[in-house]
Amino acid sequence: MFNLFSIKGGISNVKGFYCDGVNVGMKTNPANSGTNEVDGDVAFIRSEVLCDISAQFTNNKFQAAPIKHYQKYPDGFKTNFLLMNAKNANAMTGAQGVEDIESIFEELKGQTHRSAPTIQIDNPIMSSTGVIGYRLNQKKITSAFEKFNFDAKDSDKTARAIMTTDQFKKELCFKIDLDDGTSFTIAAICKGAGMINPAMATMLCFITTDADIPKEDMEELLTEATEGSFNKISVDGDTSTNDTIMLLANKLSGAYHKEAFREALNKITFELAMMILRDGEGANKLVAFEVKGAKSDEEAQKASMALSNSLLVKTALFGEDPNWGRIASTIGASGVACDDATLTIHYDNLLIYSDAQRELDKEREDKAYKIMKNDSFRVTCDLGLGEGAFTSYGCDLSYEYVKINAEYRT
C-alpha cells in the first residue's frame, strides 16, 4: 500500500517549510563537531501557508513561559512560524516571561515587514531550552532577525541551534510513496541529552509534514507516537519545565494515508528517542528493560520504568557489573506484585536468575560480562504472574554525567 524510505536533509525536504539557525552570542564555545565553529543559538521554522498544529508539553507543574504563551491561543489555532532559542529556558520567569515573548514577536513582525514584506507572520509560537530562572535577553534574540534568511532550507543549522549539552544533532526525514502515485514527507529535529524521564523525556521535538492529515488524526497519532517513544526513555529520571513535542502540518502535498502516516510518525519519534538515549550525558550504553508476566500492563510499565530510572541499575550498567540483585530489588521496591519463586531475569538470551539458579556460576557470569560490554542489550524480567508487558529504555550513568551537570551553568 505504501513505501517508506529515509532521505537526508531533515525538515529541508518538506514542501513549503523553511528553516535557519544563527548565532547571536549566547553560545560561545565551539560546537561538538570537531571544528572551531560555534553553533547557532536562535532558529526558526516557517511555513509558506498556515499549519494545523498538535502539541504535547511537560507534566512539570512549573511550565515554562513559551508553553504558557502557546496556551493563550484559542483551541484549533493555526500558525506559520516557530521561533526557538537555546541557553535560556525562560522558565520560572513569571508573567514577564510571557510578555517578553510577545515583545519579541512584535519585533519579528516589524523586521519581516521591513526586510521580507511578502512574508506574513500569523500566530507565532516560541520554544526555549537552557538555564531556568532568567528572563530572555530580548536584544540578543531579536538581533537574529536581521541575520535570518527567511527563505533558507537549512535543517542542519536549525537542528544544531537548539542543542544544549547534546553531543550531536538529531534530525530525520522520511518520504512515503503511496500506491496511487502520490507522496508526502515527514521530518523532525530534536534536542535532548539530560533531564530525561519517561514522562515525555526532557527534550524539544519539532515535526513537520506536508501530508494532508486531518486535525483529529494529528492529535490521535501524535499521542500514540509519544507514548511509544519519548514516554519510554530515561537518562536520569528528571522532568524538565520545557518539554515540548509539536507536529506541524501544512498539507501542501495533498496526499495522505493514515496507516502510512502512523508508521512514519512512530518510526521517526522512536528513532529520535533512541538518539537521545545514545546521547545521554556521558552515556555509553542503551538498554531495553522488558518486563513481562506481570498481572497487568500497568504493573509491567511501573516495574519497567523503575528499572530505567534506577540510579543503582544505571551505575551497574556503567560498571558492566551483572549484579542481578539490583534488578530484582528495584522490581520489588516498585510496588508491583512479584514473587522470587516465579521471577526470571535474562540479559539478552542468557538466564541470569531463576528459582532454580539463584547464584551465578563462573561460566554464566563470564557470559554476562561479555553481554554488558556491548553498546546495547536487553534486560528481560518475567514476573511469571500474568500477561502484562511493557518495555522502556534507559542508559548507564557515568562520571561524565556528574561533571556535565555540576558545571551546567559554567
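The values are calculated or read from the model by the stated rules, or taken from the named source; none is laboratory data. Note that the structure is a prediction, hence the values are computed from the model and not measured. FYI the Cβ positions are ideal-geometry reconstructions off the backbone, even for glycines, and counts take in every protein chain you see. Protein only, heavy atoms only, side chains kept; ligands, DNA and RNA dropped before computing areas. Shrake-Rupley method; radii C 1.70, N 1.55, O 1.52, S 1.80 Å.
Here are some notes:
- Sites residue 366 and residue 168, calculated FRET efficiency, Cβ-Cβ separation with R0 41 Å, nearest 0.05: 0.75
- For segment 303-378, carbon and sulfur atoms together expose 50% of the accessible surface, with a 1.4 angstrom probe and every protein chain in place.
- If R0 is 25 Å, the Cβ-Cβ spacing of residue 355 and residue 378 corresponds to a FRET efficiency of close to 0.70.
- Most mobile listed residue (216, 99, 263) in the chain, GNM with C-alpha springs under 10 Å: 216
- Computed from the Cα positions only, the extents of segment 233-369 along the three principal axes stand at 62, 35, 31 Å, in decreasing order.
- Options 354, 242, 3, ranked by Cα towards positive dipole end of the chain, top entry (Cβ charges): 242
- Probe 1.4 Å, protein heavy atoms only - accessible area per residue of segment 34-141 in square angstrom: 46
- Highest GNM mean-square fluctuation among 103, 308, 127, for the chain modelled with Cα contacts below 10 Å: 103.
- Absence of a disulfide-compatible partner, taken as no other cysteine beta carbon within less than 4.7 angstrom, is noted in the chain for 19, 51, 173, 338, 381, 395.
- Shape of segment 103-168, Cα gyration tensor, a/c cut at 1.5: oblate
- Just the protein heavy atoms count here, and of the accessible area of segment 126-226 at 1.4 Å, carbon and sulfur take up 46 percent.
- If you run the Gaussian network model on the chain, springs between alpha carbon atoms under 10 Å, then out of 192, 21, 76 the most flexible one is 76.
- Counting only the Cα atoms, segment 58-184 fills a convex hull of 165 Å³ per residue.
- Of the residues 322, 50, 66, the one whose Cα sits farthest towards the positive end of the charge dipole of the chain is 66 (charges of +1 on Lys and Arg Cβ, -1 on Asp and Glu Cβ, taken about the Cα centre).
- A simple charge model with +1 on the Cβ of Lys and Arg, -1 on the Cβ of Asp and Glu and nothing else charged puts the dipole of segment 1-140 at about 160 debye relative to its Cα centre.
- As a calculated quantity, the FRET efficiency between residue 340 and residue 215 at R0 = 45 Å, using C-beta atoms, amounts to about 0.35.
- Evaluated with a Cβ-only charge set (Lys, Arg +1; Asp, Glu -1), segment 93-151 carries a dipole of roughly 220 debye about its Cα centre, given to the nearest 20.
- Relative contact order of the chain, defined on C-alpha pairs under 8 angstrom at six or more residues apart (%): 17
- Relative to the Cα centre, the charge distribution of the chain, modelled as +1 at Lys and Arg Cβ and -1 at Asp and Glu Cβ, gives a dipole magnitude of about 1160 debye.
- Modelled this way, with points 7 Å down the Cα-to-C-beta line, the labels at residue 99 and residue 1 are 5.3 nm from one another.
- Positive-pole candidate from 22, 89, 268, dipole of the chain, charges at beta carbon: 22
- Shape call, segment 317-364: gyration tensor on alpha carbons, a/c limit 1.5: oblate
- Only alpha carbons enter this Debye calculation for the chain, each as an equal point scatterer, and the log10 of I(q)/I(0) it gives at q = 0.10, 0.13, 0.14 Å⁻¹ is -0.70, -1.08, -1.21.
- Cα gyration tensor category, rounded, prolate or oblate, for segment 11-70 with a/c compared to 1.5: oblate
- Over the chain: helical MRE at 222 nm, DSSP H runs n ≥ 4 each giving -39500 (n - 2.57), nearest 500: -9500 deg cm²/dmol
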